[in-house]
1. Restricting to segment 201-215, and then to whatever is modelled with pLDDT under 80 and part of a strand (DSSP E or B), can you tell me which residue is farthest from residue 103 (Cα to Cα)?
2. Might you let me know whether segment 284-299 holds any residue that is in a helix (DSSP H, G or I), aliphatic (A, V, I, L, M) and surrounded by fewer than 21 Cβ atoms within 10 Å (Cβ to Cβ)?
3. Could you please find all residues in segment 302-325 being without any contact (Cβ under 8 Å) to a residue 40 or more places away in the chain, out of contact with any Lys or Arg (no Cβ under 7 Å at 6 or more places or on another chain) and crowded, with 16+ Cβ neighbours inside 10 Å?
4. Quick one: how many residues across segment 232-280 are more than 16 Å from the chain's Cα centre (by Cα), in a helix (DSSP H, G or I) and over 25 Å from residue 324 (Cβ atoms)?
5. Among the helices (runs of 4 or more DSSP H) confined wholly to segment 123-194, which include 3 or more residues that are touching a residue at least 12 places away in the same chain (Cβ under 8 Å) and buried (at least 16 other Cβ atoms within 10 Å of the Cβ)?
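The values are calculated or read from the model by the stated rules, or taken from the named source; none is laboratory data. In this text, all values refer to a predicted model and were calculated from it rather than measured experimentally. Cβ coordinates were reconstructed from backbone atoms using ideal geometry, including for glycine residues, and neighbour counts include every protein chain displayed.
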Amino acid sequence: MATTMIKDEKDINKTTDQYKEIRTIFAEFCAKNRDCPVIVHGSNEIKALYKIIEKEIIKSKQFEHFELFREIFKFASTLIVVSPDDNEFSEKITSFVNELKIEKIYTATIIFRQLCDIPISTKLGDLEIIEPNLSTNGFKDNLELWGISISDEDAKSATWGRLSFKSYRTIGIEDILFEKLELPLGILSLIMGVDLDPTKIICIIQSLDVNICSAPVPKEPLRTHRYIPEDCGDALKLISDISTESNPSNLKQKILQAIQIFALSRLAHKFEIRFIMVVTSCESLLLSPIDRDYLSLKLSEKTAYLLKTEGEERFELFNRMKIYYGKRSDFIHGKRNKIKMEDTQYIDHIFKSLVFKLLELSAKYKQMDKNDDGSGVENYLDELKFNLSPKK
């Protein structure tokens with residue numbers, strides 16, 4: 001125990017000496033730039049600070065290098081006025097490093113301006129739909145601090161959500177939130193038939209550990225889309241159920257993964273890119289590890305058998321999917337003039353139909369979820385091909 005204490009004391013002394021060196025570097029920089037109206041620390045000063053701090057932080061694998069650099073760059077601005085007291089300067093850095101080691105809990109309160117009437121308490125992945133309330137956690141006051149005003153009427157008519165997550169970071173929190181929103185927004189885009197962009201939400205992110213921060217808030221008016229249960233059937237509940245399962249089956253994981261890819265396609269402005277990504281969503285949904293060859297043929301066949309019952313309709317959809325897969329390949333290899341807007345619209349319809357069909361079948365035929373290799377779906381399709389009644 002004594003040896004450990006001596007070693008710790010040596011480490012402390014070494015760290016203190018390093019902090020003194022950093023203080024000297026920053027003091028010299030500030031002295032040289034005293035006449036500048038705005039002092040911006042140079043690369044040498046930032047690098048020197050980074051070199052000291054990264055030894056304690058990077059080895060814990062809580063930050064990537066570029067993430068830590070952003071945190072240090074922000075912190076360096078607080079060192080513009082350098083204290084003549086070495087201890088005070090060291091305490092500032094020690095406090096900063098200790099804060100980086102704490103995993104913060106963030107809670108995002110979100111207004112989805114494009115949606116209304118999504119059922120309260122619906123859970124989609126990590127997102128929960130909540131009652132509109134501008135007074136929640138000082139939401140309205142915080143919006144006003146950011147120069148944003150919203151009427152009580154507009155707030156009550158929109159869909160609200162809450163999402164909590166953890167991170168060691170204090171910068172780029174919006175990026176983490178947007179990643180967490182990929183699945184929920186993909187589900188809502190699929191159900192509602194609307195392109196949902198995480199950058200078009202009103203959101204306040206709060207934490208007890210750090211200051212409040214806000215996601216970007218656009219001010220242009222948006223068309224509101226109303227949730228109509230009769231149009232969606234059981235789809236919202238079925239997807240909600242699987243998105244919150246702690247240990248979803250292989251088939252359910254494939255459905256959720258495909259929806260996330262679909263969500264990313266909604267962010268693309270060019271319809272050709274959307275087309276490519278939605279075809280990829282169909283691949284993610286239907287192709288399994290055993291499908292290594294003839295991917296176009298297998299994807300087209302599975303789509304046709306799942307969605308159509310009559311031979312002529314199946315054959316037509318089979319050929320359409322083969323054409324679509326060919327257009328996808330041609331685009332990737334440089335032929336960009338073959339994809340049309342109607343192709344993008346129709347592949348959206350196909351993907352949505354496939355998701356709803358697999359949700360229906362997974363609830364109806366339990367054997368589809370039994371095998372981890374995806375063979376449950378394969379077995380179901382084989383039984384259809386040979387005119388056998390699928391087993392429940």
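1. 214
2. Checked against the condition, which is being in a helix (DSSP H, G or I), aliphatic (A, V, I, L, M) and surrounded by fewer than 21 Cβ atoms within 10 Å (Cβ to Cβ), segment 284-299 yields at least one hit.
3. So in segment 302-325, the residues without any contact (Cβ under 8 Å) to a residue 40 or more places away in the chain come out as 304, 308-323.
In the following step, the residues that additionally are out of contact with any Lys or Arg (no Cβ under 7 Å at 6 or more places or on another chain) were identified as 309-313, 315-316, 318-323.
318, 320, 321, 322, listed by residue number.
4. 9
5. 139-145, 173-180, 182-192
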